[in-house]
């Protein structure tokens, strides 16, 4: 395979435009923040009590915040319309990682656990297409019902809740792929709770594993089932490491239990990654 040079490749122009569109950066897209936000535990407790009632009425407590381009770049808001909330920097790191596994011929597919509207996976599929890879599959693993009821003490303490806007049906994610002309045989879906589906998911080798399960339990379930399948030289990307303590604890516990010593590298204050030795 011809080595990819991101600095000069014409495909990079397409991918730069896609980053902007998937995040809606520069479009003035609004940002809706749950009133029960991560800075106010008392409000989160109130939201937790009201959530079943609000869900039954298909209602949600939100406030609209003025669009801030710097927050969107870092993935620090919940976009109203964008297909991803991870921001431009984390998308750029995904591109760099995928290009590296292509250049180094690291065997395996690209896997995301926790996909929301599908934007990060759409982008990974676009990178494969832009650089001419016709073999690797992008796997989207999600309940498509949001996140499970917290059971692990770290999740209960953190109060990582299943907000309505985290519940994106699989049909909507597929439509989002189709909108970009990227829904094809190199995209596969694994639907269900991670503890039920990931241990037997028909994924053999993984070149890039992206974890975005928010909770301790979801993160540790994904690591237990999938990390052994990550190839040497493959990447592990953790989306919420810098902002959700429960997620960070799960990563630390798994790494300690399995003697993983590869350094964790920061992306943007929220996301991190390491490369498997």
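Laboratory data are not the source of any read-out in this text; all were calculated from the coordinates shown. Quick caveat, the model's predicted, so the values are computed rather than measured. In this analysis, Cβ positions are derived from the backbone assuming ideal geometry, glycine residues included, and neighbour counts consider all displayed protein chains.
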**Message:** Along the Cα→Cβ direction, 7 angstrom out, place labels at residue 243 and residue 96. What is the inter-label distance in nm?
**Reply:** 2.0 nm
**Message:** Need one number: nm distance between label points at residue 17 and residue 257, each 7 Å from Cα along Cα→Cβ, rounded to one decimal.
**Reply:** 4.6 nm
**Asked** Based on DSSP, what percent of beta bridges with both residues in region 87-275 are antiparallel, to the nearest 5?
**Response** 25 percent
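With a ≥ b ≥ c taken as the square roots of the eigenvalues of the C-alpha gyration tensor of region 164-237, please select rounded if a/c is under 1.5 and otherwise prolate if a/b is larger than b/c or oblate if it is not?
On the way: a/c = 1.92, a/b = 1.30, b/c = 1.48.
Judged from the Cα gyration tensor, region 164-237 comes out oblate (a/c at least 1.5, b/c at or above a/b).
Going by how many other beta carbons lie within 10 Å of each one, how would you line up 158, 81, fewest first? Please report the intermediate quantities before stating the final value.
On the way: 158 21, 81 9.
So the residues, fewest neighbours to most, are 81, 158.
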**Asked** Taking neighbour counts of Cβ atoms within 10 Å as a proxy for exposure, in what order, fewest first, do 193, 116 appear?
**Response** 193, 116
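Give the peptides 266-276, 216-226 in descending order of average Cβ contacts within 10 Å, highest first.
Details: 266-276: 19.2, 216-226: 24.5.
Ranking the peptides 266-276, 216-226 by packing returns 216-226, 266-276.
How do the peptides 169-179, 236-246, 96-106, 140-150 rank, highest first, by the average count of neighbouring beta carbon atoms within 10 Å per residue? The partial results should precede the final answer.
Working: 169-179: 15.4, 236-246: 22.3, 96-106: 18.5, 140-150: 20.7.
Ranked by mean Cβ neighbours within 10 Å, highest first: 236-246, 140-150, 96-106, 169-179.
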**Message:** Between residue 6 and residue 172, what is the label-point separation in nm under the 7 Å Cα-to-beta-carbon projection?
**Reply:** 3.0 nm
